[in-house]
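The structure appears below as structure tokens.
Computed from the coordinates by the stated procedures, all read-outs in this text should not be read as laboratory data. Bear in mind that the values here come from a model prediction, so they are computed numbers and not experimental data. No Cβ is skipped: glycine too gets one built from the backbone with ideal geometry, and neighbour counts run over all protein chains shown.
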Amino acid sequence: MKILMTLVLMTGFASLSWARTTYETGRGQEFGYCSGSQGSFCISGIQARAEMEAKRQADWNCQMKHGQSRSYTASCNSSCFPNIITPRDQNVSVRCSSTCTVQCEIAD
């Protein structure tokens, strides 16, 4: 009986897999044209696309390390220039850049 319990415990521990956590970073840039009549909605749309690109790149970097991306942990830092458009402005070129970091679980 004691041997059987030892064998069961050893088998259970042998099947455990360990994972390590890393943080992967991605960068994204988007360009677009906005007019004053669109207000901040246009700028926020360009910023959202830059963040999506940065998250996608961070996820890809995790996959290249044979990891599983935890997309819900994404943290982004974004900026746009210009970040304000006056109502009289027409066809202003807007550039947004974003850096995002995601948690990546890598099975060992």
Quick check: pseudo-label points 7 Å beyond the Cα along Cα→Cβ at Ala19 and Thr86, how many nm apart are they? 5.3 nm
Counting other beta carbons within 10 Å of each residue's own, what order do Ile106, Ile46 fall into, fewest first? Ile106, Ile46
